[in-house]
Amino acid sequence: MAQRQRTPLIAVTGPTRGSHAPKLLVQLALRLAGARTTLLTPANPKSEIQDTADGIVITGGHDVDPVLYAAAPEVTPKYDPERDALESAVIDRALERGLPVLGICRGAQLLNVRLGGNLFQELRSRRKHTSNRWTIFPLKTLCIEPGTELQRLMSSDRARINSLHNQGIDRLGEGLIIAGRDLDGIIQAIEAPLRHCVRGVQWHPEFLLYNRGQRQLFNSLVAAARLRNTLLETAQPKGQH
């Protein structure tokens, strides 16, 4: 009889306080995709989960402190140093273990930083064709790079996205490529072709779950975690399950 496959456990990071809707919606999307979820926060980091989770989602929130990419502050936004420390450790451990990773907004920025990239600390001055207004509604156009995994997931070269960020990706981290930009050429999506389902998006797909392409970002993460588990179990000698 075939052994029943273990349900993937996806760890979702977030702030200790606030951001209740994004955290709940991300976990809902993952559960609909067939995963179990657990929440990691600075107040409850669940260190043991970092060694047992099958995938990671880094959610949005406050700006990433520029000290993490050796830059002087250019603006005076809110930072969350405790969260920066937790999520930096979570990303580093996930990459070390070869886990699927999805970074959302701030999460995409921090993923880029942990791989050696840096950020624009403000985007208003770089916008010529798009509004700097924050909104959960899909009012901006995403131009998807051909041949990317994002294009395959979205089944299109364009999509409508929302925008809740002030900072953005500047220089790419090691092993990352640009998967999508907005109409101002600002990077909106990154992915790592040589890694197992590692990507970041600047928008918030958890607010767009009615769209199949947006749900695919979560579905693909869970599918990648499930495949990784299968490969690990297959590689194990018999009797060591």
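Out of segment 5-29, which residues are at pLDDT below 95, farther than 13 Å from residue 207 by Cβ and of a type in the set (Gly, Ala, Ser)? Listed by number, the residues that qualify are 14, 18. Taken together, 27, 50 contain a single residue that is free of Cβ contacts under 8 Å to residues at least 40 places away in the same chain, open to solvent by less than 40 Å² (accessible area, probe 1.4 Å) and part of a helix (DSSP H, G or I), which is 27. Only residues that are outside any helix (DSSP H, G or I), open to solvent by 30 Å² or more (accessible area, probe 1.4 Å) and more than 19 Å from residue 227 (Cα to Cα) were counted in segment 30-47, giving 6.
Matching residues to (1) assigned to a helix (DSSP H, G or I); (2) surrounded by 22 or more Cβ atoms within 10 Å (Cβ to Cβ):
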position: 161; (1), (2): no, yes
position: 209; (1), (2): no, no
position: 216; (1), (2): yes, no
position: 225; (1), (2): yes, yes
position: 231; (1), (2): yes, no
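The residues of segment 75-103 that are modelled with pLDDT of 95 or more, open to solvent by 30 Å² or more (accessible area, probe 1.4 Å) and not in a helix (DSSP H, G or I) amount to a single one, 98.
Scanning segment 163-186 for residues that are surrounded by fewer than 24 Cβ atoms within 10 Å (Cβ to Cβ) and not in a loop (DSSP other than H, G, I, E, B) yields 168, 177, 178, 181. Total residues in segment 1-43 satisfying the condition of being charged (D, E, K, R) and in contact with a strand residue (DSSP E or B) (Cβ under 7 Å, 6 or more places away or on another chain): the figure is 3.
The values are calculated or read from the model by the stated rules, or taken from the named source; none is laboratory data. Computed from a predicted model, the values in this text were never measured in an experiment. Virtual Cβ from ideal backbone geometry, glycine too; neighbours counted across all protein chains shown. Each accessible area value is taken on the protein alone, full model and side chains, heavy atoms only, with ligands, DNA and RNA left out. Shrake-Rupley method; radii C 1.70, N 1.55, O 1.52, S 1.80 Å.
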